[in-house]
Amino acid sequence: MDNAEEDAFNAASKIISKALDGIEALPIIPREAEDILAMSARERHKWLDDGRLKSAGTRTVKLRGRAKAVTFHVFDSRHIEDVLNQDLPIVWREDDARKAAENRRRAAGKAALARAAKNRGIASRISTTSGDATRTPLEGWDAFEAHGLLR
C-alpha cells in the first residue's frame, strides 16, 4: 500500500489481529487434522481408536439437506502440533506396517498348518485303505511342519 494509505492499513491490521486473537485455542476438525498431519481418514480412525491420536471431544452439527445430525471428533491444536513436531505419523505408519506384516506371516502359518492337517487327513485315509501297513511315517517332520516349512 502507498504511504498515503497508512491509516487504512493500520485499521485493517487491527481488524485482522482482533479476528485472529484466540484462534490457536479453537479445536481442529478432522479434515484439517488430516491435512496438517498428511494422513488419510482411515489412518485417523485407526489412530483415534488406538488412542495414539487424542480427541478433544466431539461436535454435532446438523447439515442442510440431511435428515440426521453428524457427530465427529475434534482435536486440540497443541496435541496436533506435538504430533507434527515429533513426526509421529511416520513412526505410527512404520509400526502399522510391521504389525500388518506380522499378521500376514501369522495367517500364512495358520493356513499352512490347516492345509497340512487337511492333507494329513487325506494321506491317513489313503494309507489305511491301501493296506500297506508295513510303511511307517518318518519321524521329526512334525517340527518342520509346526514352523510352516512344509507346504
Worksheet item: Quick check: anything in region 118-127 modelled with pLDDT under 70, surrounded by 12 or more Cβ atoms within 10 Å (Cβ to Cβ), out of contact with any strand residue (DSSP E or B) (no Cβ under 7 Å at 6 or more places or on another chain) and part of a loop (DSSP other than H, G, I, E, B)?
Response: no
Practice prompt. For region 63-80, name all the residues that are surrounded by 10 or more Cβ atoms within 10 Å (Cβ to Cβ) and of a type in the set (S, T, N, Q).
Written response: SER77
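The values are calculated or read from the model by the stated rules, or taken from the named source; none is laboratory data. Predicted, not measured: the structure shown is a model, and the values here were computed from it. Glycine gets a Cβ as well: all are built from the backbone with ideal geometry, and neighbour counts include every protein chain shown.
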